[in-house]
Amino acid sequence: MNNHYRLSIPSKLCVCLGVIVFLTSAARAETPPLGAAQVVDKNVVARGGATAWGAIRSISFVGKIDAGRTHPTPPGTVDSYSTGPSNLRPGQRRMMIAETPVKPEEVIALPFRLELKRPRKSRLELDFAGDTAIQVYDGSAGWKVRPFMGRTTVESFTPAEIKIAASQQELDGLLINAAAKGSQIRMEGMDSVNGVRAYKLRVALRDGDVRRVWVDAATFLDVKVDGIRDVGGRSRAMTTLLSDYRRIDGVMIPFKMETHGVGLKDAERIVVEKVVINADLPDTRFAKP
């Protein structure tokens with residue numbers, strides 16, 4: 001055998017490992033090591049700049065939000081025929097059941113309107129079956145109307161709901177003007193978010209809460225953020241994936257958000273259809289009736 005082809009199995013393994021190490025090193029080289037401050041600066045620029053965001057006093061969103069899934073029982077099941085004709089032979093009944101198409105479960109997407117105004121004012125309206133649920137926070141107190149639960153009168157936020165609402169980020173997010181908000185940011189390394197390499201930042205808020213933001217290493221846009229939400233009367237940790245960024249009046253806005261977390265059987269998806277920057281939102285929109 002020609003010496004050119006005399007390569008033992010261990011030697012081949014060493015060559016393969018060498019190639020893997022080289023490729024891995026090359027992949028790492030594509031993502032330069034940056035400090036937290038550098039990533040934040042690049043993120044602010046990618047999102048439109050601190051000046052542009054500072055000029056925004058309010059944002060209005062219109063779109064659809066997932067509210068669960070339907071699980072229809074198709075006509076033609078055994079239960080459906082239990083009160084049907086009793087003169088059918090067993091074979092006939094099985095044939096009728098088999099010929100009935102089974103409908104797949106469907107996602108219920110509800111229209112919503114979300115209005116945000118500085119400082120930390122929010123109003124969420126959700127339409128379903130001819131009724132509208134409303135949840136409002138005016139920066140210090142909140143109120144809600146929940147017709148879906150048979151409650152059509154105005155109710156005040158619980159102490160737990162006020163705490164969660166007060167901890168929500170400003171309309172420009174966690175990273176813009178973080179120092180002025182009293183936040184401290186540090187780098188926690190690299191992570192993968194849906195196959196995208198991202199810088200993982202730890203954000204310690206003024207009130208002591210800790211959040212994390214994942215910033216795409218290529219675009220420097222936020223691709224994932226964690227937070228706290230009220231689910232079933234309990235505070236639960238959630239993570240939200242951000243995508244489909246579009247430039248609106250000079251700033252980048254995500255038009256798709258997908259939330260995962262404890263207490264959610266399925267991912268909750270929000271699809272934004274329209275965004276209005278500096279919409280006319282008087283303070284009366286957030287006042288308790």
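The values are calculated or read from the model by the stated rules, or taken from the named source; none is laboratory data. Because the structure is predicted, anything quoted here is derived from the model rather than measured. Positions of Cβ are generated from backbone atoms using ideal geometry, with glycine treated the same way; all protein chains shown enter the neighbour counts. Ligands, DNA and RNA are excluded from the accessible area calculation, which covers all protein heavy atoms including side chains. Shrake-Rupley method; radii C 1.70, N 1.55, O 1.52, S 1.80 Å.
Odds and ends about this structure:
- Note on the stretch 241-269: residues that are of a type outside the set (Asp, Glu) and modelled with pLDDT of 95 or more total 15.
- Taken as a whole, the condition of being open to solvent by 20 Å² or more (accessible area, probe 1.4 Å) and part of a strand (DSSP E or B) does not apply to Arg206.
- Here the stretch 130-153 is the region considered, the condition is being open to solvent by 60 Å² or more (accessible area, probe 1.4 Å) and out of contact with any Ser or Thr (no Cβ under 9 Å at 6 or more places or on another chain), and the residue that is nearest to Arg113 (Cα to Cα) is Gly130.
- Only listed residue being under 25 Å from Trp53 (Cβ atoms), part of a strand (DSSP E or B) and of a type in the set (Gly, Ala, Ser), chosen from Ala198, Ala237: Ala198
- Taking the numbered list (1) in contact with a strand residue (DSSP E or B) (Cβ under 8 Å, 6 or more places away or on another chain); (2) among the basic types (Lys, Arg); (3) not in a strand (DSSP E or B) in turn, Lys181 passes all entries but (1).
- The lone exception for Val271 - which of (1) in contact (Cβ under 8 Å) with a residue 12 or more places away in the chain; (2) over 16 Å from the mean Cα position of the chain (by Cα) it fails: (2)
- Failed criterion for Ala98 (all others in (1) small (Gly, Ala, Ser); (2) open to solvent by less than 30 Å² (accessible area, probe 1.4 Å); (3) modelled with pLDDT under 50 hold): (2)
- Filtering the stretch 171-190 to residues that are crowded, with 16+ Cβ neighbours inside 10 Å and acidic (Asp, Glu) leaves only Asp172.
- The one condition in (1) over 30 Å from Leu34 (Cβ atoms); (2) in a strand (DSSP E or B); (3) out of contact with any helix residue (DSSP H, G or I) (no Cβ under 7 Å at 6 or more places or on another chain) that Ile164 fails to fulfil: (2)
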